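The values are calculated or read from the model by the stated rules, or taken from the named source; none is laboratory data. Since the model is a prediction, treat every value here as computed from it, not as a measurement. Backbone-built Cβ (ideal geometry, glycine too); neighbour counts: all protein chains shown. For accessibility, only protein heavy atoms count, side chains too; no ligands or nucleic acids. Shrake-Rupley method; radii C 1.70, N 1.55, O 1.52, S 1.80 Å.
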Amino acid sequence: MVEEVLVGLNCRPARVYVDGTVGEGGHAAAILERCAPDGRLWGLDKDPVVLETAAARLAPYTSRFHLFHSSYARLGEILKEEGVPAVAGIVLDLGLSLHQLQRSGRGFSFQGDEPLDMRFDPLRPGKTAADLLNSATPAALEKIFKEYGEEPRARRFARLVVAARRQQPFRFTQQLVTLVQQAQGPGRRRGERHPATRVFQALRIAVNREIEELAVFLGEAPAWLEPGGRLVVISYHSLEDRLVKQRLLAWEKAGLMRRLTRKPLIPTVEEVRRNPRARSAKLRVAEKVEN
Ligand SMILES: C[S@@+](CC[C@H](N)C(=O)[O-])C[C@H]1O[C@@H](n2cnc3c(N)ncnc32)[C@H](O)[C@@H]1O
């Protein structure tokens with residue numbers, strides 16, 4: 001949804017834009033093109049590996065971009081350190097990148113057999129997916145599978161995880177895939193997603209505290225925008241989209257921001273055909289009210 005992001009941000013020259021989830025720099029490169037010749041872009045990401053890819057991709061824009069190894073929830077501290085009071089636009093494209101899914105070796109995908117890590121930032125100490133599976137209470141696991149995975153068999157899976165870890169602690173992705181497949185039983189309807197999809201998504205959201213970080217960001221974002229500045233958020237999960245939707249409405253009622261999308265924008269059929277992972281994307285835009 002690159003064009004929707006560019007229009008949503010109202011990209012213009014001589015302004016600073018923030019891509020809070022820069023990933024491999026796809027949106028960032030498009031923003032730099034659109035705000036040429038002197039618009040600048042700050043890209044943030046928790047993952048130091050994808051930042052290296054972004055740095056290589058954005059190299060042609062030399063002095064017009066700056067990358068930060070940071071959570072977008074810490075944008076306020078970065079603005080302070082850089083001496084910039086506010087920016088013209090912020091975009092968040094939540095979730096994980098294709099690189100992380102396919103090539104990180106950190107267990108985001110259930111296709112191969114990789115260590116169950118799932119941290120976006122492996123340099124920071126923090127619980128991995130294996131740590132969570134091996135130590136969380138059954139109630140906590142059920143909550144994770146239910147809330148973050150919208151998994152109808154959350155309680156059953158939680159019990160099975162606890163029984164399995166008594167035999168052998170979780171270390172690799174295929175241990176979890178096998179457990180989910182056994183719990184699911186044989187057969188899967190045509191078009192139905194792999195039964196491990198929801199469980200893997202749930203663990204990733206829990207490991208990276210994705211909902212909490214988004215809530216922190218949304219608590220402060222209007223203060224980081226200049227009057228007329230734009231916020232664009234693309235979410236892929238109903239919990240995230242609900243948070244964004246409610247915040248945008250609350251800001252509008254408080255006279256802080258104006259919603260520019262009453263209903264979220266969704267990808268075209270052609271875009272989903274090209275990139276099936278985009279099928280659940282919802283994009284919302286708001287503008288900071290002029291003083
Ligand atoms: C869907 S990808 C972004 C892709 C990017 N828009 C592009 O065009 O290449 C999401 C990225 O957000 C990053 N991420 C997730 N949570 C984050 C957070 N709290 N702060 C910073 N980056 C985060 C992930 O590491 C991942 O690289």
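Look through region 1-19, keep the residues that are surrounded by 22 or more Cβ atoms within 10 Å (Cβ to Cβ) and among the aliphatic types (A, V, I, L, M), and return whichever of them is farthest from the ligand (Cβ to nearest atom).
In this case the residue turns out to be Leu9.
Scan region 20-39 for residues that are outside any helix (DSSP H, G or I) and either more than 8 Å from the ligand (Cβ to nearest atom) or closer than 18 Å to Leu265 by Cβ (or both) and report the count.
6
Can we say Phe110 is in contact with a helix residue (DSSP H, G or I) (Cβ under 7 Å, 6 or more places away or on another chain) and modelled with pLDDT under 95?
Against the criterion (in contact with a helix residue (DSSP H, G or I) (Cβ under 7 Å, 6 or more places away or on another chain) and modelled with pLDDT under 95), Phe110 qualifies.
Would you tally the residues in region 81-101 being closer than 19 Å to Met257 by Cα and either open to solvent by less than 20 Å² (accessible area, probe 1.4 Å) or in contact with a Gly (Cβ under 9 Å, 6 or more places away or on another chain) (or both)?
Result for region 81-101: 7.
How many residues does region 6-16 hold that are within 16 Å of Ala286 (Cα to Cα) and either outside the structural domain of Ile266 (by TED's automatic domain parsing) or part of a loop (DSSP other than H, G, I, E, B) (or both)?
Residues flagged as within 16 Å of Ala286 (Cα to Cα) and either outside the structural domain of Ile266 (by TED's automatic domain parsing) or part of a loop (DSSP other than H, G, I, E, B) (or both) within region 6-16 amount to 2.
Report whether or not Arg159 is out of contact with any Phe, Trp or Tyr (no Cβ under 6 Å at 6 or more places or on another chain) and within 16 Å of the ligand (Cβ to nearest atom).
Taking the combined requirement at face value, the residue does not satisfy it.
Step by step: first the residues of region 270-290, then only those that are among the basic types (Lys, Arg) and either touching a residue at least 60 places away in the same chain (Cβ under 8 Å) or not assigned by TED's automatic domain parsing to the domain that holds Leu260 (or both), then the one that is farthest from Ala221 (Cα to Cα). Which residue is that?
Filtering first and then ranking leaves Arg277.
Quick test of your reading of the structure: Arg273 fulfils all but one of (1) under 24 Å from Ser97 (Cβ atoms); (2) modelled with pLDDT of 95 or more. Name the failing condition by number.
(2)
Grab the helices (runs of 4 or more DSSP H) fully contained in region 40-138, keeping just those with 1 or more residues being away from the ligand (no atom under 16 Å from the Cβ) and either over 21 Å from the mean Cα position of the chain (by Cα) or within 29 Å of Lys282 (Cα to Cα) (or both).
Hits in region 40-138: 75-82, 129-135.
Going by what's in this entry, would Ile78 be described as surrounded by 21 or more Cβ atoms within 10 Å (Cβ to Cβ) and closer than 20 Å to Ala14 by Cα?
Here the answer is no, as Ile78 does not meet what is asked.
Here is a list: Leu218, Leu243, Leu225, Leu239. Which entry is away from the ligand (no atom under 13 Å from the Cβ) and touching a Lys or Arg at 6+ places or on another chain (Cβ under 8 Å)?
Being away from the ligand (no atom under 13 Å from the Cβ) and touching a Lys or Arg at 6+ places or on another chain (Cβ under 8 Å) holds for just one of Leu218, Leu243, Leu225, Leu239, which is Leu225.
Filtering region 243-291 down to residues that are among the β-branched types (Val, Ile, Thr) and within 17 Å of the chain's Cα centre (by Cα), which residue is farthest from Ile211 (Cα to Cα)?
Per the criteria, the residue is Ile266.
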